[in-house]
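Read through the structure below, which is laid out as structure tokens, and then see the notes.
The values are calculated or read from the model by the stated rules, or taken from the named source; none is laboratory data. These figures come from a predicted structure and were not determined experimentally. Counting neighbours? That spans all protein chains shown, and the Cβs are built from the backbone with ideal geometry, glycine included. Ligands, DNA and RNA are stripped out before the accessible areas are found, and what is left, the full protein with its side chains, is counted by its heavy atoms. Shrake-Rupley method; radii C 1.70, N 1.55, O 1.52, S 1.80 Å.
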Amino acid sequence: MQFFYKKEQKGRYNVYIPLFLLSAVNLTLYGIRLSLWGAVWMAAYAFVEEALYRGFLLSALTRRYEERLLRGIMFSSILFALMHTVNVYKVATPLYVTAQSLCAGTVGFCLGIVACRERSIVLCVLLHACVNITSLGAGEPGTFGRMPGKMDVTSREAAVFIASAVLYALYGIWLYRRGILLKKEEKNYEALH
């Protein structure tokens, strides 16, 4: 039974292209605000968060039992979303934190599936870094009529956050179901030969 890709399978990374493209949605909201220092920090955050949530936590939750795979992915995604709620205490409005946490949870769901399918967090770090880097400038205080001193989102930005969260969730479900179908095809192939 095979939920994971075989290492020699050609074109196996093509299935992840939409996840990279989905991270570009942030550019429609915030434009390109690229600074080398900001990109380095965002990539470093991505590495640390992926090592913790997908590298350590998810692998610990799914190490022995493949049937607990979805449960482990969901649990690590929920914790990942909850981790983003800490912004409400200091730097962000509740609307911003809700939108960010919802999107983070669905992105975490997709990244959990990618980590399990690839048995590596390298691609997860790259995808997460793309999301982080394209969201540089998100919710900057005092810009576009936002509350001074607190990160906030306009209603348009909140709608885009929610829409992208729905797209991430749907794509994650598709990736997971595709992995289950790959597993069934492998089982049928083994039964025939």
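May I ask you to rank Ile78, Ile73 by accessible area, largest first, using a 1.4 Å probe over the protein chains only?
Listed by decreasing accessible area, they come as Ile78, Ile73.
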Which residues qualify? For Ala92, with a placed amide H closer than 5 Å and at least 5 residues away or on another chain, they are Met151
Each residue of segment 119-134 in order: what ³J(HN,Hα) in whole Hz does its phi give by Karplus 6.51 cos²θ - 1.76 cosθ + 1.60, θ = phi - 60°, with x for Gly and Pro? 6, 7, 9, 4, 5, 5, 4, 5, 5, 5, 4, 4, 4, 5, 5, 6
Trp37 versus Val15, label points 7 Å from Cα toward the beta carbon: distance in nm? 4.1
Within segment 40-120, what whole-number % of the accessible surface is contributed by carbon and sulfur, with the 1.4 Å probe and all protein chains included in the calculation? 69
